[in-house]
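Below is the structure I would like to discuss, written out as structure tokens.
The values are calculated or read from the model by the stated rules, or taken from the named source; none is laboratory data. This structure is a prediction, so every number in the text was calculated from the model and none was measured. Heads up, the Cβs are rebuilt from the backbone with ideal geometry, glycines too, and the neighbour counts pull from every protein chain shown. For the accessible areas, the whole protein counts, side chains as well, though only heavy atoms, and no ligand, DNA or RNA atoms are used. Shrake-Rupley method; radii C 1.70, N 1.55, O 1.52, S 1.80 Å.
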Amino acid sequence: MLLAVPMFLLVVAFLDKPKLGDGLFTNKGLKLWLIFLLYSVISVNWAYNDDFGIFKLQIISIHGIIPGIFTFIIYRMYKTFTWTPVVLFGLGYSIIHHLFGEFPAEYPGRLTLPGGNPIYDARILFAAVTIAIWGKRIPLVLRLATITFGIMSGIATQSRGPLMALLVANACVLLMVLFIKYMNKKLHINNWVKFGVLALVLVGAFAAWHYNDQLQEVIGTSRFAVLVSQDELVGDANYVGRKYLQKEALDQFIAHPFFGTGLGGNDIMGNYNYPHNIVLEIASQLGLVGMALWLIALLYSCFIARHSGVLLALFIQSVISAMFSGDFGYNYEYILIAITALALAPKQNVKDVEQNGKDHLHTDGIRLRRSRGAGRSIGNGAST
């Protein structure tokens, strides 16, 4: 279904507007990802477990590449995009997760949809939170409801990697927004805002002091204890197991530094194991060649995603999540977001805009303004 439905719609779109394919086949970012994926396909030929490698390629294609290309073409066709339906889906998902989630024996103490995985549940929930934070023209009630229910349900999954990714990604984009506004002398904070921030800090500090014992008890009995206690971290079975797998991946990279063991090469002891770290997995299975191709495509996509506050935050968040869990195939979110960013990016590059001396570069999250003597400004939103 994931293959057939988008493919049918793409055929209809091409028949209706044949020129839609122009941007698809000439886009530099798509070419970079295509080269990397082509090398990944070729590497299966020398993999220890080619079946595992093919399975990974199937998953990342069906969940990441094809939906990304579908989004690319449809956006080029209609030239408009809104995050409101996406946030509505996120809110519905968080409510369903909260009402119908369970605590399975496989994941004790972690709220999970029946038959699901708490890590991937948390990724979806926290992605909706990020969109609600940075998306433009989202109704305030919908925005606040999505953030509230998303955080509640996400924390209930007890997934540490996605939570850290949420905090770090949004902090990075916030700091970038403030820095660019400051450099353009557009960072104006009135006294009421200062007073409100100070009041929140004081109230938070008092609450943390007053409920210190209760907070320590709550954190100490949860999986988040490893984030504040090194003793808990070194004794965590999940941490110990992944540390072993990552060491094995590093050893494989040292043994096969240039071309890796092939996609699917982390088949350790006859099991479908992987290091739960996208960098180590690519380095060990695809070597320096694959790592270089991956980094070039990744950094270029990040450079393009800077035009959109929401996409940049999502992109950083998905890459950080891939450092803690999942494998090559199931860490597909960042590729989907990268291709979406390539679709939403303006056709002119920044250099062209600077030469023209005009301020016509508008995208869904960041607004670059270049004119004679002007600097850059950054905002948030979701329309082009």
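Per-residue counts of other Cβ atoms within 10 Å, averaged by peptide: what ranking do you get for 104-115, 66-77, highest first?
So the peptides 104-115, 66-77, ranked by packing, come out 66-77, 104-115.
Could you list, in their original order, any pairs among K136/K186; K17/K56; K79/K136; K31/K243 whose Cα atoms are separated by more than 24 Å?
Where the Cα-Cα span goes over 24 Å, the pairs concerned are K17/K56; K31/K243.
With a 1.4 Å probe and all protein chains in place, put H276, H256 in order of accessible area, largest first.
From most exposed to least exposed: H256, H276.
If you consider only alpha-carbon coordinates, what radius of gyration and Dmax does the range 1-93 have, in Å?
16.0, 45
Would you mind giving the three semi-axes, in whole Å and largest first, of the ellipsoid equivalent to the range 83-173 according to its Cα gyration tensor?
23, 15, 8
Okay, moving on. Using the reciprocal of the averaged 1/r over all distinct C-alpha pairs, how large is the Kirkwood radius of the range 59-104 in Å?
13.0 Å
Hey, if we sort V240, V203 by accessible area with the 1.4 Å probe, largest down, what's the order?
Solvent-accessible surface, decreasing: V203, V240.
Please report the projected area of the range 1-158's Cα convex hull averaged over all directions, in nm².
Quarter of the Cα hull surface area: 12.1 nm².
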